[in-house]
Amino acid sequence: MDSIRIRGGNRLVGSIPIAGAKNAALPLMAAALLADGPLTLSNLPNLADIASMRDLLAQHGVVFTDTGSGSTGSTVRMATPEITSTTAPYDLVRKMRASVLVLGPLLARCGVAKVSQPGGCAIGNRPVDLHLKGLQELGAEVDLTGGYIEARTRSGDRLTGGRVVFPVISVGATENLMMAATLARGETALVNAAREPEIVDLAECLIAMGAKIEGHGGDTIHIQGVDALESAEHAVVADRIETGTYAIAAAITGGELELVGAKAIHLEAALDVLRSTGTTVEEHDAGLTVRAPDGRLRGVDVMTEPFPGFPTDLQAQFMALMSVAEGAAMITETIFENRFMHVPELSRMGANITVHHASALLRGVPELTGAPVMATDLRASVSLVLAGLAASGETLVNRVYHLDRGYDRLVGKLSACGAVIERISSETDVQEQVA
Ligand code: EPZ
C-alpha cells in the first residue's frame, strides 16, 4: 500500500487549480443512463471513484469516448443507446457506495433495476432507506433479497409522480429521486430536499437534457416528468471540498494560496469560520486567495450541518487546523455517527482532543510532531496530510489509496507550493476497500 511522506514546517505559497467536484461528477455520470443520446461532461476530475463509476456504467451499456483533458479535469462523452444490463453487481458497488445512484435512472429508463445494497463504510452505517421509500412513493415495488435491492415499476409501466417528504436531509436520496422523477408520469415534489451545490449542478444538467425541474437549491424541488431526455453538454462544478481543504492548508502552514476556479458562494459557512480563526479569505475573478494570520490561529467552535451549513466533509480538515490554534475549539459532527477516526491519529501527533459522543473538544497546542499515522477514510486521510504539513519532523501517512478517491494530484499540487511531500509506492497490493 502506498504512503505519503511529509517533512513539515514549510509555508505553502503559490497557486492551486481546483478540479471538478467528485460529489457532483458521480451523480452527473449516472444521469447518462437516462438518455440514449450522448451526455458530454467536461471538468471531470481524474479520481479513483470516477474510474469506478465509469466501470459500473460501462457494464450497464454506457459507451465512453474521451474527448479531451485540461488542468482541472477531462471531457468525456457518454452515450447509452441501449441499457445492456439493469444489474449493478456487488463486486462493483462494494468499491464505491455512490454506485447506488444508478438505481433511480435505471428504474426511470427501464422500469426495473437490481442494485447491490451498498454496505456501510468507515464513517457510518449509511443506509439507503430514504432512497427506497422515495422510489416507492413514485410507484416502485422494492424487495431486498440476497444483499440486492430489486426494484420494478408496477406492471412494467413508468414511475408515477408523487410527493416525497424526506424525514432526514439526504444528498444521495435527493439525487436518486430527482433523476427518477424526470421520466415519471406527472409531477413530483421532493420536500426537505438537500440543497448542496452538487444538487443544483445535477438539476442544471438534467434541465439541459430536457428535464422540467424547479426549486433546486431550495428545500422543495418540483419535477414535471417528460417522455424522454436528450443529449446535452455540461461542465462539472468546482469542488468546494477540495477548495476548503487547500484553504485550510494555507492557514495551517502560515502560507498564502490562490485557489483558481474556486467558487466562494459554494462554501460560505466554511469560509466565514475560517475568517473567524484570523485567516484572510479574498474573493476575486480567478477564484480565492487565502492568507494565514501573522500570529497564531484562533480557536473557533463548529457544528457540521447540511448545506448551507458547515460541511461534514471539511470537519476532519478543520480539526487538524484547530489542533494548533490558540485556545479551545469544540467540533460537533451531526451528520455521520462515526466520523472522528482521525482523532486518535491526530493525537499521536500531539493534538489534545477529548471526544464526548458527537463532539470533540480541542485544546490547541503550539506545534504538532510528525509521526507515522494511518488513514481510515477519504477526509480523515487528508486531515493527516494537513497536520503533517504543519508538524515538526516527518509524518508518514499510510493507506493513501483513500486519498486517490477524492483528491486529484494532491502531492503535485502541494509540492508545487513548497511542501516537502512525496508518495512512496510499496509492493503489497492494495486490498480493495469498501468505500
Ligand atoms: C453525500 O453522501 C456525499 N457523497 C458525502 O461525501 C457527504 O458527506 C454526504 O453527502 C453529506 O453531505 C457523495 O455525494 C458521493 P446523505 P450521501 O445521504 O448522499 C443518513 C465524501 O467524503 N441517511 O446526505 O451518502 C446518512 O446515514 C463523502 O466525499 C439515511 O439515514 O449522504 C447520514 O447520516 C463522504 N438514510 C445522513 O443521512 C438514507 O437513505 C446524510 O447522508 C440516506 C442517508
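Observations on the model:
- Normalised by the number of residues in segment 347-401, the mean separation of alpha-carbon contacts (under 8 Å, six or more apart) gives a relative contact order of 33 percent.
- Charge dipole of the chain (Cα centre as origin; +1 on each Lys and Arg Cβ, -1 on each Asp and Glu Cβ, all else neutral): 540 debye, rounded to the nearest 20.
- For the chain, relative contact order (Cα pairs under 8 Å, six or more residues apart, normalised by length) works out to 21 percent.
- Calculated from backbone phi, Karplus (6.51, -1.76, 1.60) coupling profile of segment 353-369 in Hz, x at Gly/Pro: 10, 10, 9, 10, 6, 8, 10, 10, 9, 9, 10, x, 10, x, 7, 8, 10
- Treating each Cα of the chain as one equal point scatterer and applying the Debye formula with no solvent, the log10 of I(q)/I(0) at q = 0.08 Å⁻¹ comes out as -0.43.
- Amide H contacts of residue 420: 7, 10, each under 5 Å away and 5 or more positions distant or on a separate chain (H built 1.01 Å from N in the peptide plane; Pro and chain starts excluded).
- For segment 346-368, the residues whose backbone nitrogen is under 12 Å from a point 7 Å from the Cα of residue 392, taken along Cα to Cβ, are 366-368.
- Within segment 200-220, backbone nitrogen closer than 20 Å to the virtual label 7 Å beyond the Cα of residue 305 toward Cβ: 200, 216-220
- Estimated vicinal HN-Hα couplings, Hz - segment 125-133 in sequence order (Karplus 6.51, -1.76, 1.60; Gly, Pro = x): 5, 6, x, 10, 4, 5, 4, 5, 4
- Using a Förster distance of 45 Å, the FRET efficiency for residue 11-residue 54 (Cβ separation, nearest 0.05): 0.75
- When the Cα positions of 406, 19, 81 are compared along the charge dipole of the chain, 406 comes out farthest toward the positive end, with charges on each C-beta of Lys, Arg, Asp and Glu.
- Here segment 282-336 is treated with +1 on each Lys and Arg Cβ and -1 on each Asp and Glu Cβ, and its dipole about the Cα centre works out to around 220 debye.
- Stretchable slack from residue 284 to residue 133, in nm (0.36 nm times residue separation minus alpha-carbon distance): 50.0 nm
- Model label sites at residue 219 and residue 272, defined 7 Å from Cα along the beta-carbon direction, differ in position by 1.6 nm.
- For segment 89-169, the alpha-carbon radius of gyration amounts to 1.08 times the rule-of-thumb value 2.2 N^0.38 Å expected for a compact globular protein.
- In sequence order, segment 144-160 has phi-based couplings of 10, 9, x, x, 10, 8, 10, 10, 8, 7, 4, 6, x, 7, 6, 5, 10 Hz under the Karplus curve 6.51 cos²θ - 1.76 cosθ + 1.60, θ = phi - 60°, and Gly or Pro positions carry x.
- Summing +1 for each Lys or Arg and -1 for each Asp or Glu among the other residues whose beta-carbon sits under 14 angstrom from that of residue 78 gives -3.
- Kirkwood hydrodynamic radius (C-alpha pairs) into Stokes-Einstein, segment 185-276, 20 °C and 1.002 mPa s, D in µm²/s: 140 µm²/s
- Fully extending the segment from residue 334 to residue 145, taken as 0.36 nm per residue of separation minus the present Cα-Cα distance, adds 64.9 nm.
- Computed lengthening from residue 369 to residue 230, 0.36 nm per intervening residue step minus Cα-Cα distance: 44.5 nm
- The distance between label points at residue 326 and residue 1 comes to 3.9 nm (points 7 Å beyond Cα on the Cα→Cβ vector).
- Distance from the alpha carbon centroid of segment 244-273 to that of segment 97-135 works out to 33 angstrom.
- Computed from the Cα positions only, the extents of segment 268-347 along the three principal axes stand at 38, 29, 18 Å, in decreasing order.
- Residue 426-residue 84 FRET efficiency (beta carbon distance; Förster radius 30 Å; 0.05 resolution): 0.20
- For residue 114, the lysines whose Cα falls under 25 Å of its own Cα, not counting residues fewer than eight places away in the same chain, are 22, 95, 133.
- Amide H contacts of residue 40 (H built 1.01 Å from N, in plane; Pro and chain starts excluded): 78, 232, 233, 234 sit under 5 Å, all sequence-distant by 5 or more or on other chains.
- Nearest-20 debye value, segment 159-272 charge dipole, Cβ charges on Lys, Arg, Asp, Glu: 440 debye
- Computed from the Cβ-Cβ distance with R0 of 56 Å, the FRET efficiency linking residue 409 to residue 165 stands at 0.85.
- Summarising the amide proton neighbourhood of residue 302: residues at separation of 5 or more, or on other chains, whose placed amide H is nearer than 5 Å comprise 330, 331, 332.
Rule-based calculations on the coordinates, nothing more; no lab input. As the structure is a computational prediction, the values presented were derived from the model and not from experiment. In this analysis, Cβ positions are derived from the backbone assuming ideal geometry, glycine residues included, and neighbour counts consider all displayed protein chains.
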